[in-house]
1. Determine whether segment 5-20 contains at least one residue that is within 13 Å of Phe179 (Cβ to Cβ), buried (at least 17 other Cβ atoms within 10 Å of the Cβ) and out of contact with any Cys (no Cβ under 9 Å at 6 or more places or on another chain).
2. Run down Lys291, Lys252 and say which single residue is loosely packed, with under 15 Cβ neighbours inside 10 Å, within 24 Å of Leu187 (Cβ to Cβ) and touching a residue at least 24 places away in the same chain (Cβ under 8 Å).
3. What single numbered condition from (1) surrounded by 15 or more Cβ atoms within 10 Å (Cβ to Cβ); (2) in contact (Cβ under 8 Å) with a residue 24 or more places away in the chain; (3) assigned to a helix (DSSP H, G or I) fails to hold for Thr341?
4. I'd like to know if segment 178-196 contains one or more residues that are modelled with pLDDT under 95, surrounded by fewer than 16 Cβ atoms within 10 Å (Cβ to Cβ) and not in a helix (DSSP H, G or I).
5. Name every residue in segment 344-362 that is β-branched (Val, Ile, Thr) and surrounded by fewer than 16 Cβ atoms within 10 Å (Cβ to Cβ), in order of residue number.
6. Has segment 82-94 got at least one residue that is in the same structural domain as Pro183 (by TED's automatic domain parsing), outside any helix (DSSP H, G or I) and under 18 Å from Trp214 (Cβ atoms)?
7. Picking from Lys250, Lys322, which residue would you name as being charged (D, E, K, R) and modelled with pLDDT under 95?
Amino acid sequence: MKRQIKLFDPIIDNNELSVLNKTLKSKFWADGSGSNQVRKFEEKFQKIIKSDSTVAVNSGTSALYLTLSMEDIKNKEVILPSMSFVSTAHAVVANNAKPIFVDIDLDTLCIDSNKIEESITKSTKTILPVHFGGLSCNLTKIKKICNTNNLTLIEDAAHAAGSFHNGKPIGSHGKFVCFSFHPVKNLAMPTGGLISINDNNYKRIIKKLQSKRWCGITNRIKTNYDVKELGWNYYMNEFSAAIGLVQLKKLKKLNKIRQQNAKRYFDELVCERKLKFDRNCSYHFYWILVKNRNKLRKILLEKGIETGTHYPPIHKFTMYDKKISLPNTEYAAKSIITLPTHPNLIKNDMDEIIKIINKFGKN
């Protein structure tokens with residue numbers, strides 16, 4: 001049987017199996033207060049990204065929702081790209097704010113920092129950039145815009161575990177940075193997310209976030225707790241945290257392999273547009289833009305090669321504003337093919353992917 005090349009393929013070994021077995025036998029599988037393995041994961045991840053503190057949750061979507069709930073954004077506007085998973089915008093709407101979509105830069109598919117200021121109004125409260133594919137946005141310029149206009153910077157770093165910007169880890173820049181640890185992500189878990197906090201008042205913020213992720217409960221002593229505000233069951237479970245601790249140990253090594261694979265794509269692929277090579281990028285995936293996208297994807301699939309189309313533009317969904325025009329976003333969305341970069345790829349896999357795409361481009 002011909003080898004199937006997956007778009008995403010979690011990297012696991014006996015270490016993950018061992019901690020799962022140990023956690024299972026412990027019979028301590030979850031705790032809303034976020035203790036034991038969850039707390040250890042928070043501490044380890046915080047050290048790696050060099051942030052003030054972290055709060056683990058059950059998904060990247062929960063991280064976005066909880067983070068935005070910490071800001072007074074009701075009836076306010078949040079600037080974000082439309083080129084993202086729909087959770088980025090859903091979290092804004094769920095917090096009773098209005099998403100304002102800004103077009104992307106075709107060289108990065110991240111939000112175009114040169115177009116942000118023209119979308120700022122008196123109602124703007126937050127800028128929510130997405131580090132698309134693991135490549136960081138122009139955080140230097142976006143932070144400057146936020147400081148000038150007294151706006152909060154909240155980053156969607158769902159793709160960017162292990163990425164950097166200007167030599168500093170993603171997770172150490174914005175007031176809040178939201179990570180996702182879905183099975184397809186660079187740091188894989190059954191389900192998981194995390195909020196990184198960079199603020200002088202981080203101790204107060206942590207206390208409130210810890211309460212919000214566990215139904216508003218404000219005291220870790222279960223026999224004597226109080227509920228002062230709404231909260232949700234958004235805490236991370238022990239199985240995910242245990243796997244995450246193992247995954248953290250090899251994140252840097254596995255991201256280097258992803259970078260090597262991305263470098264081959266950048267050096268050898270011939271296509272209309274492609275993601276640049278940047279050693280600061282974690283390369284959750286590698287993207288190219290091509291004409292006749294569906295035809296090429298079909299050819300690749302017939303050869304056993306999975307690809308993706310990340311993402312349909314959010315502003316084109318029924319519940320959002322279809323009337324606005326975002327030319328770069330719409331062009332990229334109909335032309336993009338996302339390619340695997342995961343470390344399970346072997347040389348022959350890469351050879352075949354590159355050969356097929358280049359042959360298609362010559363026809």
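The values are calculated or read from the model by the stated rules, or taken from the named source; none is laboratory data. No experiment lies behind these values; they were computed from the predicted model shown. Note that we place each Cβ from the backbone using ideal geometry, even for glycine, and neighbour counts take in every protein chain shown.
1. no
2. After applying the criteria, what remains is Lys252.
3. The single condition Thr341 does not satisfy is (3).
4. Among the residues of segment 178-196, not one is modelled with pLDDT under 95, surrounded by fewer than 16 Cβ atoms within 10 Å (Cβ to Cβ) and not in a helix (DSSP H, G or I), which makes the answer no.
5. Ile346
6. At the first step, the residues of segment 82-94 found to be in the same structural domain as Pro183 (by TED's automatic domain parsing) are 82-94.
Then keep just the ones that are outside any helix (DSSP H, G or I); that gives 82-86.
Going one step further and asking which of them are under 18 Å from Trp214 (Cβ atoms), we end up with none.
Within segment 82-94 (the criterion being in the same structural domain as Pro183 (by TED's automatic domain parsing), outside any helix (DSSP H, G or I) and under 18 Å from Trp214 (Cβ atoms)), the answer is no, since none of the residues qualifies.
7. One residue alone meets the criteria, Lys322.
Residues are listed down the side, and each one gets a yes or a no for (1) under 25 Å from the mean Cα position of the chain (by Cα); (2) among the hydrophobic types (A, V, I, L, M, F, W, C); (3) over 23 Å from Asp9 (Cα atoms):
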| residue | (1), (2), (3) |
| --- | --- |
| Pro312 | yes, no, no |
| Tyr331 | yes, no, yes |
| Lys334 | yes, no, yes |
| Ile354 | no, yes, no |
| Lys359 | no, no, yes |
| Lys362 | no, no, yes |
